[in-house]
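Okay, so here's the structure we're looking at.
Read the figures in this text as sums done on the coordinates, not as results from a lab. Note that the structure is predicted; figures quoted are calculated from it, not measured. Here the Cβ positions follow ideal geometry from the backbone for every residue, glycine too, while neighbour counts run over all protein chains shown.
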Amino acid sequence: MRTTTARRLSAAALLPVLALAACGSDPGTTGPAGAGGAVTAAAQDVVSGVPKSDAAAALLPEEVRAAGTLTFGASFGAPPTAFYADQATKKPAGIDVDFTDAVARVLGLTVQREEAAFETILPALDSGKFDVGTGNFGVTTARLRTIDFVTYIDDGQGFAVRRDDTRTEPVTDLVQLCGLTVGTGAGTTFETTLNARKDVCAAAGRKPYEVKAFSDSGAVLTSLQQGRVDVLMSTINGLRYQAAQEASGTRFLGEFHRLDVGFAFRKGSKLTPAFQAAVNQLIKDGTYERILRKWGVADSAVKESLISPPEHP
């Protein structure tokens, strides 16, 4: 168990990165938001003008249309996925936030957003605590057994090292990690992938890698900065964004495995058709592209939203 002091130190270490993340990219560029200069990405409003679609809203269950509100369990960490643009006011910003707000406008709903630890959100969907989950949740075979997804972006798994690290080759096989300590987020696909394939080192006659999982995204970064882990495994977009911030001291090492990312629902939820229609409406009217370009992740676009597609091979 980590102490309160450790949590404060990890949060403090992340503050320079979050502050720099307020420097957004030009909406017409596709580089990491924050790498290009003066425009504050979080202040770019690309959502408020999104109109309601009666056709998409008609797909909602009648009781949801009547209530007009859905509860979203949301995980917040580092940009560009979901973070607090203003720590004092706890104003949310990021890819997940913009897509949530845009879909809600298409469906004529009000978002009731509740912050929750990443690893608690999916179990809370089944209990009914949340109607929808957001947290850059990748669509995996294991998750599809208990969760339904409506996809809206293509992200996935990647690696990063300290900027002064001499490693340059992308990790294409986990045997390349043998003998190293790998930091990642608790309850993530990264932790699952790493733990499930630890035997690759023994099979190669090499020392196994060690996995250190953290619930606090700031602690993951701090562990790399302080040399307590050798490599980070996290989202492709998140690591690229982080590496673009001088204060992070990190370097993106490359992609490992692409994954669809989606809104998460309890298995069999009747909300999925409406959400799929809403995302596809955003793609059609151009809002989708504007959100991706705002955050510098245009190369993560999907052609259409799907309901619970199989995991990428």
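Figures for the structure shown
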item: Integer Hz, Karplus 6.51/-1.76/1.60 couplings in order for the stretch 104-121, x for Gly and Pro; result: 4, 5, 4, 8, x, 10, 9, 8, 10, 9, 10, 5, 8, 5, 3, 6, 9, 6
item: Backbone HN-Hα couplings from phi across the stretch 249-260 [Karplus 6.51/-1.76/1.60, Hz, Gly and Pro as x]; result: x, 10, 9, 5, 9, x, 7, 10, 8, 7, 9, 5
item: Those lysines that a straight Cα-Cα span of less than 29 Å connects to Lys267, excepting residues fewer than 8 apart in one chain; result: Lys52, Lys129, Lys284, Lys303
item: Among Ala278, Thr192, Val302 the positive-end extreme of the charge dipole of the stretch 158-312 (Cβ point charges); result: Ala278
item: Table column - 3J(HN,Hα) (Hz), the stretch 212-219, Karplus curve with 6.51, -1.76, 1.60, x for Gly and Pro; result: 10, 9, 10, 6, 9, 4, x, 5
item: Furthest towards positive pole of dipole, Phe263, Gly238, Ile153, structure part the chain, Cβ charges; result: Gly238
item: Cβ charges +1 (Lys, Arg) and -1 (Asp, Glu), total dipole of the chain, debye; result: 560
item: Computed helical MRE - 222 nm, the chain, DSSP H runs ≥ 4 contributing -39500 (n - 2.57), nearest 500; result: -9500 deg cm²/dmol
item: Long-range HN-HN contacts of Ala186 with modeled amide H, under 5 Å; result: Phe214, Ser215
item: Bridge type composition, the stretch 161-256 - antiparallel percent by DSSP, nearest 5; result: 20
item: Cα-based helix-to-principal-axis angle, 4-21 vs the chain, degrees rounded to 10; result: 70
item: The chain: angle of helix 272-285 to the longest principal axis, Cα-based, in degrees nearest 10; result: 90
item: Residues whose placed amide H lies under 5 Å from that of Cys178, excluding near-sequence neighbours; result: none
item: Amide proton proximity set for Ser53, modelled H, under 5 Å, gap of 5+; result: Leu107, Gly108
